[in-house]
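The next block holds one structure in the form of structure tokens; read it before the comments.
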Amino acid sequence: MNEKLDQQVIAELKLYIRDNGLNKVATALKKQFFAIDSTTVYSPSLPPVETQNKGIFGVLKQRIKRVKSTYTLGEYVDSLLKERKKKHPIDLDKFGIDRFYKNKVIKNKINPSKQKLLCFAVALRLNIEETDDLLRWAGLTLAEENSVFDNIIGYFIEKEIYDPIEIDQYLVEFGESPMFSVE
């Protein structure tokens, strides 16, 4: 074990990784068995509160609205960048994203990998829900129930720890590849 790393964080990460899979399964089962209407069984999450009382028609309208969204992944990333730059300056290079790569993503010239989207999430200081939304735009999810890497990233995002060097150190400590640097 690396003595420089905080042993408390290592212990918390081990518990987070162990317990997270169980919590995800329990939550999914609870949603399935205690669904408000029969359409919820087909969805990994409950419909928004405003559609829960409208029955199947309201749920379908909400789903169609999401599908017909005019945003592309690049436009969504661009809107996040603009929104976050108002709050604090963002140095994407520090998070493994150069301006050429960012521009390719924004112009939809490439489909970023899950790891690169997570780099954006950490760089933009997204919370866990916003991170899930970003990944969903690309058709991805955090697979915390069966991925040590995803659990570690999820842990740091939930704890609002956005230091790329620290995140990489703990990834390496748990036998995962670093996300922001090459070792």
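Checking the condition open to solvent by 60 Å² or more (accessible area, probe 1.4 Å) and either under 21 Å from ASN20 (Cα atoms) or not hydrophobic (A, V, I, L, M, F, W, C) (or both), which residue from ASN151, ASN146 passes? Going through ASN151, ASN146 in turn, just one is open to solvent by 60 Å² or more (accessible area, probe 1.4 Å) and either under 21 Å from ASN20 (Cα atoms) or not hydrophobic (A, V, I, L, M, F, W, C) (or both): ASN146.
Considering only residues that are in a helix (DSSP H, G or I), open to solvent by 70 Å² or more (accessible area, probe 1.4 Å) and either over 17 Å from ILE157 (Cβ atoms) or of a type in the set (A, V, I, L, M) (or both), which ones fall in the range 84-100? Those that are in a helix (DSSP H, G or I), open to solvent by 70 Å² or more (accessible area, probe 1.4 Å) and either over 17 Å from ILE157 (Cβ atoms) or of a type in the set (A, V, I, L, M) (or both): LYS85, ASP93, ARG99, PHE100. For the range 135-142, check the following and say yes or no: at least one residue is touching a residue at least 12 places away in the same chain (Cβ under 8 Å), buried (at least 20 other Cβ atoms within 10 Å of the Cβ) and either touching a His at 6+ places or on another chain (Cβ under 9 Å) or assigned to a loop (DSSP other than H, G, I, E, B) (or both). Yes; the residues of the range 135-142 include at least one that is touching a residue at least 12 places away in the same chain (Cβ under 8 Å), buried (at least 20 other Cβ atoms within 10 Å of the Cβ) and either touching a His at 6+ places or on another chain (Cβ under 9 Å) or assigned to a loop (DSSP other than H, G, I, E, B) (or both). Of the numbered criteria (1) open to solvent by less than 80 Å² (accessible area, probe 1.4 Å); (2) in contact with a helix residue (DSSP H, G or I) (Cβ under 7 Å, 6 or more places away or on another chain); (3) assigned to a helix (DSSP H, G or I), the one ASN103 fails is (2). The number of residues in the range 113-162 that are farther than 23 Å from PHE174 by Cα and in contact with a Gly (Cβ under 9 Å, 6 or more places away or on another chain) comes to 0. All conditions but one from (1) over 19 Å from the mean Cα position of the chain (by Cα); (2) farther than 28 Å from TYR16 by Cβ; (3) not in a helix (DSSP H, G or I) apply to ASN111; the one that does not is (1). Kindly establish whether ILE110 is under 15 Å from TYR76 (Cα atoms) and either surrounded by fewer than 18 Cβ atoms within 10 Å (Cβ to Cβ) or β-branched (Val, Ile, Thr) (or both). Criteria met by ILE110. Scanning the range 166-183 for residues that are touching a Lys or Arg at 6+ places or on another chain (Cβ under 9 Å) and farther than 17 Å from GLU12 by Cβ yields a single hit, PHE180.
The values are calculated or read from the model by the stated rules, or taken from the named source; none is laboratory data. Computed from a predicted model, the values in this text were never measured in an experiment. Cβ sites come from the backbone with ideal geometry, for glycine too, and all protein chains shown count toward neighbours. The accessibility values were calculated without ligands, DNA or RNA, using every heavy atom of the protein model including side chains. Shrake-Rupley method; radii C 1.70, N 1.55, O 1.52, S 1.80 Å.
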